[in-house]
Amino acid sequence: MADPARFGGAREPHFVRSFERGLAVIRAFDAEHPALTLSEVARTCELTRAAARRFLLTLVDLGYVHTDGRLFRLTPRVLELGYAYLSSFTLADLAEPHLERLAAQVGESSSLCVLDGDDIVYVARVSAGRIMTATITVGTRFPAHVTSVGRVILAHQADEEIDARLARADLRPLTRHTLVSADRIRAELRRVRRQGYAVVDQELEEGLRSVAVPVRDRDGEVVAGVNIPVHAGRNSVESVRRDLLPQLLAAVARIEADLCVAGTATGRTRAVAPGAATGRGPAVTPGTGTRR
């Protein structure tokens, strides 16, 4: 659902509040709420009924929303809003065949994610089965600090950038395993930076373990991350490092090789990972840096 808190706080003089609210109305619809009444949209977005009605009817006129007079639903036309980005984001296109090969090799799902604000966003995914209660699709987002793929991207940012992100992050526990101390997360990010990969053990969801490796462009900047999530009951932390990490490293090496050939080290790929450190970093040795 849309985040009403986005309407609070000081804004720059150029900020168009009505545009923000219009986008919030679109974001009010999701997989759990595909159809909403006027009152539900108004409540979710913290708008008056009159304002919500104006936004909704404008979206109806533009073809982004359909209504039967009581319920409102998004139309397929909203896909146009993201198509320009996805169609020009060649990193996802380059990565997809390698994700397919990786998923076939390990028998688990694999995904490519980028950093967007303080969240990671899935931009390519090959599914080998559903292991999370949440449905993961292209466009799904999670807080970066609590995911393996988010940590491999954050770990390569400047320390002051990490501090700023943690200062504004919501560090509430999602499970009994979630790291909720900024100091512990910083220490974990330093470890990830040293070892070159991240393992997150049931911090995002009980029963879910995930391993991730950063993806670097031809300039050595971290622009994305690839992860493999697994059932904790079937895969120990040690087996994840032993059996999955080498395959993941090989897949990412192939993605990076394609990035160099395609020359996609500029534009959008660099923009999605601001502050990423340059250089390939230390060599990765599977089995080191065990996290309990």
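Quick notes
- Residue 95 under 30 Å from residue 216 (Cβ atoms) and buried (at least 17 other Cβ atoms within 10 Å of the Cβ): yes
- Extreme residue, modelled with the lowest pLDDT, among residues of region 251-268 that are in a helix (DSSP H, G or I) and open to solvent by less than 40 Å² (accessible area, probe 1.4 Å): 259
- Conditions (1) farther than 27 Å from residue 251 by Cβ; (2) touching a residue at least 40 places away in the same chain (Cβ under 8 Å); (3) among the charged types (D, E, K, R); number of the one not met by residue 191: (1)
- Residues that are at pLDDT 90 or above and over 13 Å from residue 114 (Cβ atoms) were ranked within region 206-215; the one that is surrounded by the fewest Cβ atoms within 10 Å (Cβ to Cβ) is 213.
- Odd one out for residue 191 among (1) under 23 Å from residue 32 (Cβ atoms); (2) at pLDDT 90 or above; (3) open to solvent by 40 Å² or more (accessible area, probe 1.4 Å): (1)
- So residue 155, is it open to solvent by less than 10 Å² (accessible area, probe 1.4 Å), under 21 Å from residue 250 (Cβ atoms) and modelled with pLDDT of 90 or more: yes
Results for (1) in a loop (DSSP other than H, G, I, E, B); (2) without any contact (Cβ under 8 Å) to a residue 60 or more places away in the chain, shown as yes or no for each residue.
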position: 99; (1), (2): no, no
position: 105; (1), (2): no, no
position: 121; (1), (2): no, yes
position: 136; (1), (2): yes, yes
position: 142; (1), (2): no, no
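- Restricting region 64-83 to residues that are part of a loop (DSSP other than H, G, I, E, B) and open to solvent by 100 Å² or more (accessible area, probe 1.4 Å), the residue that is nearest to residue 28 (Cα to Cα): 70
- Among the residues of region 166-188, the ones that are part of a helix (DSSP H, G or I) and surrounded by 11 or more Cβ atoms within 10 Å (Cβ to Cβ) come to 7 in all.
- Residue list for region 12-63, filter: part of a loop (DSSP other than H, G, I, E, B), under 25 Å from the mean Cα position of the chain (by Cα) and loosely packed, with under 12 Cβ neighbours inside 10 Å: 31, 32, 34
The values are calculated or read from the model by the stated rules, or taken from the named source; none is laboratory data. Computed from a predicted model, the values in this text were never measured in an experiment. When we count neighbours, we look across all protein chains shown, and the Cβ atoms used for this are built from the backbone with ideal geometry, even at glycine. Ligands, DNA and RNA are stripped out before the accessible areas are found, and what is left, the full protein with its side chains, is counted by its heavy atoms. Shrake-Rupley method; radii C 1.70, N 1.55, O 1.52, S 1.80 Å.
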